[in-house]
Amino acid sequence: MNSYDAIVIGAGHNGLTNAAFLAKAGLKVVVLEKNDYIGGAAVSRELHKDWIYSNCSYVCSLLRPEIFQALDLARHGLQVTPYGGSVTFMRNGDYLGSYWDHEVAHREMARHSRHDADAYQRFAAETMRQTRFIRDFLLRTPPDPTSFRYRDIKELLAIGRRVLEMDEEAIYDTLRFWTMSIGDYLDEFFECDVIKASLAGSGIIGTALGPYSPGSAYVLLHHYMGEVDGNIGAWGFARGGMGGVSNAIASALQAFGGEIRKEAEVQQIIVRNGKAAGVALASGEEVSAPIVVSNLDVRRTFLNVMDEKDLDSRFLERVRNFHIRGSSGKLNIALDGLPTFPALPKGSSLMHSDMHFIDSLERIERAYDDWKNKTWSRDPYVDMLIPTLTDPTMAPPGKHFMSCFVQYCPPELDTGEWTDQDRDAFGKTVIDQISEYSPDFKDLILHVEIRTPRELEQEIGLTEGNIFQGELTMDQLMFNRPIPGFAQYRAPVKGLYMCSSSTHPGGGVMAAPGANAAREILADLKRPNTVPENFGDD
Amino acid sequence: MSVAGKPVSERVLRTAFYSRTSEANLLNKWHSWRGYTTADAYYDASIEYFACRNATGVFDLCPMTKYRITGPDALAYLDRLVTRDMTRIKPGRVAYAVWCNDAGKVIDDGTIFHLSQGEYRLCAYGRHLAWLLAATLGFDVSVEEETDEIAALAVQGPTSCAILKDMGLDGIENLKPFGLTHFDHGQLMVSRTGFTGDLGYELWVERRFAENLWDRLFEAGRLRGIRAMGGDALDMARIEAGFLQAEVDFLPADQVVRPGRARSPYELGLGWLVDLEKANFNGRRALAREKAEGSSVWQMVKLVIEGNKPADASYIYAGTRKQVGFVTSAMWSPVAKQNIALATVKAPYGNNESNLHAEIYYQRELHWSRVMARCEVVDKPFWDPPRRRATPPADY
Amino acid sequence: MQARRIIVIGAGHNGLTCAAYLARGGYDVVVVEASDHVGGAADTREFADGFRVSGCAHYVYQLNQQVVQELGLQQHGLEYSARDLSTIALSPGEQRVTIGPGGLSGPVTERDRSGHQEFTRLTERFAGLLSRYLNQAPPRLANGTRKDRLTLARLGWDIRRLGRDDMRELLRVGAINIYDVLNEFFDSDLVKGAISLDAVLGTHMGPRSPNSVLTYLYRLAGNGVPRPGALALPRGGMGGIAAALERAARAAGVEIRSGTAVGRITVSHDRVSGVELTDGERLEAGLVVSSADPRTTVLSLLGARHCETGFVRRIHNLRCRGNAAKLHLALDGPPDFPGVGAPDLRHRLIFAPDMDYAERAFNPAKYGEYSTEPVMEIALPSMSDPSLAPEGKHVLSAIVQYAPYQLKAGWDDGQKQAFLDVALATLATVAPGIRDQIVAGELLTPADIEARYRISGGHWHHGELSLDQFMFVRPVPGATQYALPVDGLFLCGAGAHPGGGITGTPGRIAAQVIVEGGAA
């Protein structure tokens, strides 16, 4: 039986979330996945014997707690454990630790600059104000500012009210925050290079912006707006790796009667009489449904699996101009033991935290210049973690897994396409940088998996390896995401919807795009809504 | 700053008196105050409290944030920083002051010690170096933090003057309230200040002299009932005195996130600290407007509440239905024998015409009860003995 | 106290404009100017015997036509030696593309031509909308007056009136970079390079910096001569505009005292009382209007103690890092730019052969280093105005980017010489024989511009023109409607809304605010 109420293309976490809420509403849903595993970029795999790890997205904060609760993910096996802090190693042999406890964090910052340690209090308050502002909009569909429909005007007014609730100064600060570079923003608070560098990371991760590119302050917010159990801005590990997220959502979906088909690559979305009618698989099989939801990014959705004649040329032009820029790479490393970092105090809790090896904004900006020049950063921003210290079940006892997220890494090199030699040279750059701060690290390496944008795109279909399925710049946020006029999850073809991270509110394993899309679909079908609202926070 | 192998961030901080306070702390009751190990109570909070009301209590206030402010523009700088007229504070005098942000909301309160011409110490609960340095723009002044370098003890209670005299501080009895003086060739600074609303002094030395100071003090005070006093007792004393505690009764304006959560001096009942006639200062324009328009949104009130159930975290009602505020600090006052509280209420309800009530929940053997208790708004501190101001103080 | 008396600090073009309007509004106005001539950065200077150039800005393309008409600048002698100039984009080879009134000419594709039409239509439409709001005081976003709220409502309405497609396009491109947008419209590297340079001239931005669409629109939103974006050269150089403004101001009754610098603004009971000159003389006035940049005005002239710490911190944080150096060359004959015919040398020449080149030129500026391969905007004003050079000889005036104000190595003579060499070498790639024609020359770095024109950071906008320092938040919250926190003190220079360039607009709006407010 090949006919469903709805087809979701791609079993990434957003596709699964979308399907789960549709199934919860009683729809007969199937998720079609090209790979022989589910999860997309939120996946745990065994790529070295006995090492199971998140090989793409690697930490969890943004996953909306409302969705966690509504899909009962805990019962379906998801457990998120917070981890604290970060450390930035400095070229002078020192380091800056960032601790979850704000008293210890203050003391550590004061070791580098007493001024900055105190300035951080105001920085924390101001960024929290922005965070509170944006969090309200994560589980809401952006209004269309060009529309005169009641719901759009109502939603616009709601935004206006949220803005006007602030003090006048705070409104101006908000306006500035949304348009500034993280570098300029930090310069207004801090004087110490390493403190600025340690805070700037969140402003550039996953984006093709440098710390001095206006707009990067918002990206910081994108990494601050998550939470673990109400601790806003906290990050955690999904037990068993990020695949735990996808598996739990999949389990919820199946509990609601939904179906998942692996190794079912969609070749074409079938449009009949201007309406979505189903999909054709690579195997030649056709699956029919009046609702088709694509969890592919917008470029893939409209350029790869659709017939151009089903879309108007202006829309296609916009799709082509949608910016999905590969800017990151990844190294997944299996280790024979725990590497030492002589700069850290013995037994420091900082071993459990994110580690970075770049100590000034200038070095990060120069890393970005390399990307603009189409080379990987010679002195990259690496976000390194050893998750097995928190979740020892992911590797054999005493062995460890190290995850290195690398910014910046271009989708294409000045010499042309990536080659295997380039990939290995890229990996060596990262390993060398870490080795500068950990002399025994290289000798402990058992296995390295290097992911450039090329691998990320080939394996899990992230165009250019972009982790957000589309840049988080002002032209692609809120009502502009993914494409102005199409920010409400509906594609220009009736019955066709988008639910990937290309849509509002963007990427980062939030599951909000999938949930928001489900709410719109159910509204169109005049079915009761199953998607939760914001918990709210006065 | 990496000492003994571990950086300061991964070590426990000790105050300069830790060797003495740890010996004294029979209860092993501590809390972390800005990372420093400080006593909640040493043997019994209420005995310690009565020490400061009846004899002398000694409180370790090392973790208070201290800044040294020096330079040709130090006076002009401070005068622009705080709402008070600092030109009236001569060398040898201390001023309690608040400082505000541009919008006239209080960032913190603290004491400013005029050590000598062009030289000041600012002592506050919160940490404000970033703001204090931002305020130096345009002034020839230097601001340096000296929190860890300067050790301080509060010596509070009716016998405190006598003890200090016995310690050899000749002429201490002539020190007026909010005066300061030096002993031991300048190594020891004594100010007649405190957070208890009683007769009392604060002693300030460089860290290296701290333990010696403690020992001398306790030796001198042996016959006059000196006792170490922890944070719990001090908190009781300060509520009775009607003193506000930053981060409890109000929040630093530069750290609030939600709109409307910061307070102006008027809203905190500290309007007497605001001098709109002096030269320009931070927040003056906003405060002048607030005063002229009567646009204060909140009032901080001292309440005497009927009955004996402490009104911690109570809602305050005008009448018994209209919720107009909440209690920020509350206790049963042993010395005044009153049920007292500091509360924030919406203007203009902070008066007795509003017929205020506190909604009090209290627990007896796991069962909770609720009472609506009548509140009386009082102007004066709950405890304000004449000895607090007498110079010389009576020789107990 | 002379209540109707206003002192305007600085006889730059905005100071003069403001003074003229105020005098016409019935005030008794004195302009105090530190240098011995008027015009500020709108000046003509003789940098070598008989060779004169515009010392700072050299083209007119944003001059507010209301200022021209209302002050009668033409009657007061404003003349152009050239109008409606085209732009010629140069490449290191001999490839040239002309961007002119008729569109593109040169080696471009059909997509370039149609793209140019659509790009021009769209950007002129957006700039047109913007220009209305650049020509009035920006409304406050909260706690504003009824007028503020009406202006905001009208802004919203005007944006809606663009129609759905254009409105969406505006909301999409408004905050992003010119690099991405130009790639959507054009193929030609030369065209993209030249247009992108317009977006980043005078700023601390490269084509890939988000906000560079905004700066492009800003440029376009001024009144070009004779149409948006079209360039003109004032006769006698930029000093010609200053001279016309000076005459207009004097005709309105303004007194101008040049050669006397203001040492400080005097305050009494939180109200300005006048100014004190550096020689100690005190001038009393009910109002003081400063055309100096906000930093100079607040931190140097007023003094931080008269303002609140948060406000001072905002002023201190105002970004005004100048990046544009000015190159002036005296040439013993007409230069030869291969590929550009002699009659075309009167047009504006751009050297920014592609956007990546321009972006690479910008990179070093981020680290306090100058470009080793800079971009240039080149003018040969004596081609249109022979009075600027001895007969048969010529002057070249070029803006050379990027030369950061805060050069890490410091702008000593060695660094200046090195950057001059870089500029000349770059120039030689498009005009190979030019070095042999140079009889004299000078290079003004932003540090020189700061010293000469008393502009903090040598930034020609008196504060970076980016969204976080634009419109509702320009120059900083708390001073967006020209009035500073001290009563009776106003800004009227490029640091105020809408920004820099030879516009006269900040001066005009500041005067309107003062007159309408009935201040004093």
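The values are calculated or read from the model by the stated rules, or taken from the named source; none is laboratory data. Computed from a prediction, not measured in an experiment: that's the story for all the values here. When we count neighbours, we look across all protein chains shown, and the Cβ atoms used for this are built from the backbone with ideal geometry, even at glycine.
Have a look at B:ALA358, B:ALA347, B:ALA330 and point out the one that is surrounded by fewer than 18 Cβ atoms within 10 Å (Cβ to Cβ) and either closer than 26 Å to B:LEU251 by Cβ or modelled with pLDDT under 95 (or both).
None of the others qualify; the one that does is B:ALA347.
Which is more than 26 Å from B:TRP383 (Cβ to Cβ), among the small types (Gly, Ala, Ser) and in contact with an Asp or Glu (Cβ under 6 Å, 6 or more places away or on another chain), of B:ALA124, B:ALA135, B:ALA154, B:ALA130?
Sole residue among the options that is more than 26 Å from B:TRP383 (Cβ to Cβ), among the small types (Gly, Ala, Ser) and in contact with an Asp or Glu (Cβ under 6 Å, 6 or more places away or on another chain): B:ALA130.
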TODO: Quick one: in the stretch B:260-289, of everything that is away from chain A (no Cβ under 14 Å) and assigned to a helix (DSSP H, G or I), which residue is nearest to the chain's Cα centre (by Cα)?
DONE: B:LEU273
Task: Sole residue being charged (D, E, K, R) and either surrounded by fewer than 23 Cβ atoms within 10 Å (Cβ to Cβ) or over 17 Å from the mean Cα position of the chain (by Cα) (or both), chosen from B:ASP102, B:ASP108 - done: B:ASP102
Open item on the list: Looking at the stretch C:107-120, can you tell me whether even one residue there is closer than 25 Å to C:LEU465 by Cα, surrounded by fewer than 22 Cβ atoms within 10 Å (Cβ to Cβ) and within 14 Å of chain A (Cβ to nearest Cβ)?
Closed with: yes
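Could you name every one of the helices (runs of 4 or more DSSP H) located completely within the stretch C:150-214 that has at least 1 residues being within 9 Å of chain A (Cβ to nearest Cβ)?
Answer list for the stretch C:150-214: C:164-173, C:178-185.
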- [ ] Taking A:VAL104 as the residue in question, decide whether it is surrounded by fewer than 18 Cβ atoms within 10 Å (Cβ to Cβ), of a type in the set (A, V, I, L, M) and either part of a loop (DSSP other than H, G, I, E, B) or within 10 Å of another protein chain (Cβ to nearest Cβ) (or both).
- [x] no
TODO: Run C:GLY463 past the list (1) away from chain A (no Cβ under 14 Å); (2) on the phi > 0 side of the Ramachandran plot; (3) surrounded by 22 or more Cβ atoms within 10 Å (Cβ to Cβ); (4) under 18 Å from the mean Cα position of the chain (by Cα) and report the number of the one that doesn't hold.
DONE: (1)
Open item on the list: Of everything in the stretch C:305-328, what is over 25 Å from C:SER466 (Cα atoms) and either free of Cβ contacts under 8 Å to residues at least 40 places away in the same chain or more than 12 Å from chain B (Cβ to nearest Cβ) (or both)? Give them in sequence order.
Closed with: C:ARG305, C:LEU327, C:HIS328
Task: Any hit, the stretch A:406-415, residues being under 23 Å from A:CYS60 (Cα atoms), touching a residue at least 60 places away in the same chain (Cβ under 8 Å), touching a helix residue (DSSP H, G or I) at 6+ places or on another chain (Cβ under 6 Å) and among the aliphatic types (A, V, I, L, M) - done: yes
Task: Residues of the stretch B:296-355 satisfying the condition of being charged (D, E, K, R), part of a loop (DSSP other than H, G, I, E, B) and out of contact with any Phe, Trp or Tyr (no Cβ under 7 Å at 6 or more places or on another chain) - done: B:GLU306, B:ASP312, B:ARG321, B:LYS337
- [ ] Quick one: which residue in C:VAL68, C:VAL32, C:VAL53 is of a type outside the set (Ser, Thr, Tyr), assigned by TED's automatic domain parsing to the domain that holds C:HIS497 and not in a helix (DSSP H, G or I)?
- [x] C:VAL32
Task: Condition met for B:VAL257 (of a type outside the set (Phe, Trp, Tyr) and within 14 Å of chain A (Cβ to nearest Cβ)) - done: yes
Task: Residue that is surrounded by the fewest Cβ atoms within 10 Å (Cβ to Cβ) [pool: residues in the stretch B:31-67 that are away from chain A (no Cβ under 14 Å) and part of a strand (DSSP E or B)] - done: B:ASP40
Task: Evaluation of B:ARG216 against (1) under 23 Å from B:THR65 (Cβ atoms); (2) out of contact with any strand residue (DSSP E or B) (no Cβ under 8 Å at 6 or more places or on another chain) (one fails), failing number - done: (1)
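Per-residue answers, yes or no, for (1) at the interface with chain C (Cβ under 10 Å from one of its Cβ atoms); (2) touching a residue at least 24 places away in the same chain (Cβ under 8 Å); (3) of a type in the set (A, V, I, L, M, F, W, C):
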site: B:VAL106; (1), (2), (3): no, yes, yes
site: B:ASP109; (1), (2), (3): no, yes, no
site: B:HIS114; (1), (2), (3): no, yes, no
site: B:GLY118; (1), (2), (3): no, yes, no
site: B:LEU122; (1), (2), (3): no, yes, yes
site: B:LEU137; (1), (2), (3): yes, no, yes
Task: Which listed residue, of B:SER19, B:SER9, is in a helix (DSSP H, G or I), within 14 Å of another protein chain (Cβ to nearest Cβ) and not aromatic (Phe, Trp, Tyr) - done: B:SER9
Open item on the list: Being free of Cβ contacts under 8 Å to residues at least 24 places away in the same chain, more than 8 Å from every other protein chain (Cβ to nearest Cβ) and of a type outside the set (Phe, Trp, Tyr): is that true of A:LEU157 here?
Closed with: yes
- [ ] Confirm whether C:ALA409 is surrounded by 22 or more Cβ atoms within 10 Å (Cβ to Cβ) and among the hydrophobic types (A, V, I, L, M, F, W, C).
- [x] no
Task: Residue check for A:THR393: more than 14 Å from chain B (Cβ to nearest Cβ), surrounded by 22 or more Cβ atoms within 10 Å (Cβ to Cβ), closer than 24 Å to A:LEU444 by Cβ and modelled with pLDDT under 95 - done: no
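Okay, residues lined up against (1) of a type in the set (A, V, I, L, M, F, W, C); (2) without any contact (Cβ under 8 Å) to a residue 24 or more places away in the chain; (3) within 14 Å of another protein chain (Cβ to nearest Cβ):
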{"position": "B:GLY126", "(1), (2), (3)": "no, no, yes"}
{"position": "B:GLU146", "(1), (2), (3)": "no, no, yes"}
{"position": "B:GLY171", "(1), (2), (3)": "no, yes, no"}
{"position": "B:THR193", "(1), (2), (3)": "no, no, no"}
{"position": "B:ASP198", "(1), (2), (3)": "no, no, no"}
{"position": "B:GLU202", "(1), (2), (3)": "no, no, no"}
{"position": "B:VAL205", "(1), (2), (3)": "yes, no, no"}
